[in-house]
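This report concerns only the one structure given below.
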Amino acid sequence: MFVPKEELIKQFDKKVSVIQADVEGYKAEGKKIFSTSSFQTNSVPLLHIISLIAPETPIYFLNTGYHFPETLKFRDSLVKSLDLNLQSIGSAIPKNQQKDAQGRLLFTSNPDRCCHINKIAPLDSVLASYDIWINGIRGAQSSVRASFRKEEQAPMGVKRYHPMLDWTTKMVHDYIRIFDLPRHPLEGQGYLSIGCQPCTHKINHNAMLDNRDGRWAGMNKTECGLHTQLVNK
C-alpha cells in the first residue's frame, strides 16, 4: 500500500517523539546512557535518531579486527555526517593468540569462543560504567529477537532499551529513503546481515528464513552473544 511521504514523516515523527521521551526520562532519573552499533544499513535509522535527540550519547563499536573494509569506511562516513560520539573498543587478546589447540584461528573452529573474546568480553568495562544500553535490535530480525521486550535486564544492573523492537524491515528502508540516508555499500552485493568478514556470506534468497541469514553459514549459529548472553530473561 502506497503511503505519501508526508504521512510517513508524521508516522516517524511520532516514533522519534516516543524514543526522545524515553531517553529524556532516563536522563531525568540520572541514568548514564550508551549505545552500541554494528554500522550496518539496519543501524542507520537509530544512529540518525540518536544524533537528533541525544548526540552526546557514546556509540560503542566493537572492533573485532575482522570487519570488512567497507564497514569501517561506512562507519567513519556516518560518524562524520551525523556527528556521532564514536567509541571504538576491542579485545585485549592479540589475534595471534586467538587460536585453538590445533593452531587454528577460533572463528574457524569455535566461533562462539571467538565472539565471546571479541564482542562480549570487551563490553564488561562498558556495562560497569553505565545504566542504560540503547540497543537497536528488531523483532523482525529473528525468532530470538522477537522474544524480547522493549526493556530487558542486562548484566551488572544495566537496563537494555530496545526502541526499534517493533520496526519492520520496510520501516527501516522507508526511513532511510525519506531522510535520504546512506546504505552500507555491501548491501547491494547481496550482504544483508554484515558482521565479521570470515563469518559473513551473501544471502541465498531462496533459502532465506530471517534477516540473520548470511551469518555463520553451516555453523548452527545465528547470534554472536550480545543478545543472548548479555540479557537476563
Alpha-carbon centroids, segment 84-161 and segment 14-63: separation in whole Å
18 Å
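With +1 assigned to the C-beta of every Lys and Arg and -1 to the C-beta of every Asp and Glu, and no other charges, what is the dipole magnitude of segment 17-174 about the Cα centre in debye, to the nearest 20? Spell out each step's value before the answer.
Values: 18 positive and 15 negative charges, 87 e Å.
Rounded to the nearest 20 debye, it is 420 debye.
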When the Kirkwood radius is taken over all Cα pairs of the chain, what Stokes-Einstein diffusion coefficient follows at 10 °C and 1.306 mPa s, in µm²/s?
86 µm²/s
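Find the eigenvalues of the gyration tensor of the Cα atoms of segment 1-109, then list the square roots of 5 times those eigenvalues as equivalent ellipsoid semi-axes, largest first, in whole angstrom.
Numbers: eigenvalues 240, 70, 32 Å².
The answer is 35, 19, 13 Å, longest axis first.
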At 222 nm, what helix-only mean residue ellipticity would the chain give, in deg cm²/dmol to the nearest 500, using -39500 (n - 2.57) for each DSSP H run of four or more?
-9000 deg cm²/dmol
Could you tell me which of 52, 153, 193 has its Cα farthest along the dipole of the chain towards the positive end, charges placed at Cβ (Lys, Arg +1; Asp, Glu -1), taken about the Cα centre?
193
In nm, the gap between the two label points placed 7 Å beyond Cα toward Cβ at residue 112 and residue 56 is 4.1 nm
Size of charge dipole - segment 68-141 - debye, nearest 20, with Cβ of Lys, Arg +1 and Asp, Glu -1, no other charges
260 debye
Quickly work out the residue 76-to-residue 2 label distance, labels modelled 7 Å from Cα along the C-beta direction, and quote it in nm with one decimal.
4.2 nm
Semi-axes of the equivalent ellipsoid for segment 134-175, Cα gyration tensor, largest first, Å
21, 11, 6
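Calculate, for residue 180 and residue 18, the FRET efficiency according to 1/(1 + (r/R0)^6) with r their C-beta to C-beta distance and R0 25 Å; round to the nearest 0.05. Show your work: numbers first, answer last.
Values: r = 23 Å, r/R0 = 0.91.
It comes to 0.65.
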List the residues whose amide H sits under 5 Å from the amide H of residue 60, counting only those 5 or more places along or on another chain, with H placed 1.01 Å from N in the peptide plane.
35, 36, 37, 87
Placing +1 on each Lys and Arg Cβ and -1 on each Asp and Glu Cβ in the chain, then taking the dipole about the Cα centre, the residue among 42, 163, 2 whose Cα reaches farthest towards the positive end is 42
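Quick note: the coordinates plus some simple rules give every number you see, no bench work behind them. None of these values were measured; they are calculated from a predicted model. Cβ coordinates were reconstructed from backbone atoms using ideal geometry, including for glycine residues, and neighbour counts include every protein chain displayed.
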